[in-house]
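Accompanying notes for the structure given below.
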Amino acid sequence: MNKVILMGRLTRDPEVRYSQGENATAVARYTLAVDRRFKRDGEATADFINCVAFGRAAEFAERYFRQGIRIVITGRIQTGSYTNRDGVKVYTTDIVVEEQEFAESKAASDQNSGSFRAAAPAPSPAPSVDAGDGFMNIPDGIDEELPFN
């Protein structure tokens, strides 16, 4: 199984290109700065992970993702290689994005990244959770809509 889940901040705006041909497909590339869980000598460290999204996911990234926002992605690792202009073989590792979503509200992004420039929509507010038992409160009148009555 090849499955990756990452949460981090975009290091720059996504770079989007469109494939050639009759059915042009959007291809978005961006880099996530993912904080490491353990710090060396009290110094914060991060890994910089290259990600690539295709189709609708790429168009979404182009429209709403900007440098500094925190996102969560799921996908798979893909390795490859090519020979550069100098004849040297270069190895690559990318995360092919399957799902992507905001990890914080727009207000939090604005506060954490002074360079946030786009009007990205805030994700839907999370359902309220009762701190006592950790279960979600079900709004009144929704009982008849539940599939497991």
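The values are calculated or read from the model by the stated rules, or taken from the named source; none is laboratory data. If you're wondering where the values come from, they're calculated on a predicted model, not measured in any experiment. Here Cβ is always computed from backbone atoms with ideal geometry, including for glycine, and neighbour counts include all displayed protein chains. The area values use the complete protein model at the heavy-atom level, side chains included, leaving out ligands, DNA and RNA. Shrake-Rupley method; radii C 1.70, N 1.55, O 1.52, S 1.80 Å.
General remarks:
- Annotation note: Cβ proximity below 7 Å between a residue of region 19-37 that is within 10 Å of Ala58 (Cα to Cα) and a residue that is outside any loop (DSSP other than H, G, I, E, B) and among the hydroxyl-bearing types (Ser, Thr, Tyr) (sequence gap 6+ or interchain) occurs for Thr25/Tyr18; Ala26/Tyr18.
- Region 57-70: number of residues that are assigned to a helix (DSSP H, G or I) and touching a residue at least 24 places away in the same chain (Cβ under 8 Å): 7
- Of all residues in region 5-46, those being among the aromatic types (Phe, Trp, Tyr) and part of a strand (DSSP E or B) number 2.
- Residue list for region 5-46, restricted to those being modelled with pLDDT under 95, under 16 Å from the mean Cα position of the chain (by Cα) and open to solvent by 60 Å² or more (accessible area, probe 1.4 Å): Asp35
- Residue selection: Ile69 fails the criterion of being modelled with pLDDT of 95 or more and more than 22 Å from Lys106 (Cα to Cα).
- Scanning region 1-18 for residues that are among the basic types (Lys, Arg) and more than 16 Å from Arg63 (Cα to Cα) turns up Lys3, Arg9.
- Within region 99-111, residues that are surrounded by fewer than 18 Cβ atoms within 10 Å (Cβ to Cβ) and in a strand (DSSP E or B) reach no partner that is modelled with pLDDT of 95 or more and charged (D, E, K, R) with beta carbons closer than 7 Å at six or more positions or on different chains.
- For region 1-30, a tally of residues being touching a Ser or Thr at 6+ places or on another chain (Cβ under 6 Å) and closer than 12 Å to Val96 by Cα returns 1.
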